[in-house]
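Notes to accompany the following structure.
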Amino acid sequence: MAIVNFQPSVAHSSQAILTAVQPFYRPPSMEQHDTQPDRPIGYGAFGVVWSVTDPRSGKRVALKKMPNVFQNLASCKRVFREIRMLSSFRHDNVS
């Protein structure tokens with residue numbers, strides 16, 4: 001009996017991730033908003049969390065900046081898992 005190890009191609013996996021994230025992605029508008037980070041809140045293994053003011057609502061929010069996210073498949077999967085987890089939260093402080 002042969003064991004078959006199926007691994008989807010990187011292009012296919014990346015496309016699936018981008019398709020799943022599409023409802024949450026908002027492309028930059030033509031208007032330039034002043035979205036400079038106010039101050040760093042914390043540092044982690046995968047990025048820096050900043051306190052910023054959302055230009056759409058004027059509210060203070062936390063923004064996680066993760067550099068080089070799409071350089072390899074492991075980073076893509078990690079970000080996808082985090083986005084999927086955060087999108088399932090039902091709490092006033094998470095949107």
Whole-Hz Karplus couplings 3J(HN,Hα) for the range 87-93, θ = phi - 60° and coefficients 6.51, -1.76, 1.60, Gly and Pro as x, run 6, 8, 5, 10, 8, 4, 8
Here the net charge surrounding F70, from other residues whose Cβ is less than 12 Å away from its Cβ (Lys, Arg +1; Asp, Glu -1), is +2
Note, W50: beta-carbon cut-off 11 Å, +1 each Lys/Arg, -1 each Asp/Glu, net +3
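Every read-out reported here was derived from the displayed coordinates using simple, explicitly stated rules and does not represent laboratory data. In this text the structure is predicted, and so the values were computed from the model without any measurement. When we count neighbours, we look across all protein chains shown, and the Cβ atoms used for this are built from the backbone with ideal geometry, even at glycine.
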